[in-house]
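Have a look at the structure below before the remarks.
Values quoted throughout were computed directly from the atomic coordinates according to the rules given, and no laboratory measurement underlies them. Keep in mind that this is a model prediction, so the values were computed, not measured. Quick reminder, even Gly has a Cβ in these numbers, built from the backbone with ideal geometry, and neighbours come from all protein chains shown.
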């Protein structure tokens, strides 16, 4: 079995920006993190649950909306 995890943070931020017209700086401030930290989290493979919770709060979504997890069976 393989597990494929896909970071969807950047997609959710862009979706929020299009819908509400908010800047990434505003989103970072609402999440209580720096803009630089937000940028790092967009490309992170291993963010903390606390960071994910902050971003989810700022975007008004669930933590599970920020990552996609697929389990790929080996065929046994």
Original post:
Could you list, bin by bin from short to long, the percent of Cα-Cα pairs of the chain in 5 Å steps?
Top reply: 3, 16, 27, 24, 12, 7, 5, 3, 2, 1
**OP:** Just grab the label-to-label distance for residue 57 and residue 70, each label 7 Å out from Cα along the Cβ direction, in nm (one decimal).
**Re:** 3.3 nm
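Run the numbers for residue 34 and residue 2: contour at 0.36 nm per residue of separation, minus the present Cα-Cα distance, in nm.
8.1 nm
Explain nothing, just the number: relative contact order of the chain, from Cα pairs under 8 Å at least 6 residues apart, as a whole percent. Spell out each step's value before the answer.
Working: 77 pairs, mean separation 40.2, N = 76.
Value for the chain: 53 percent.
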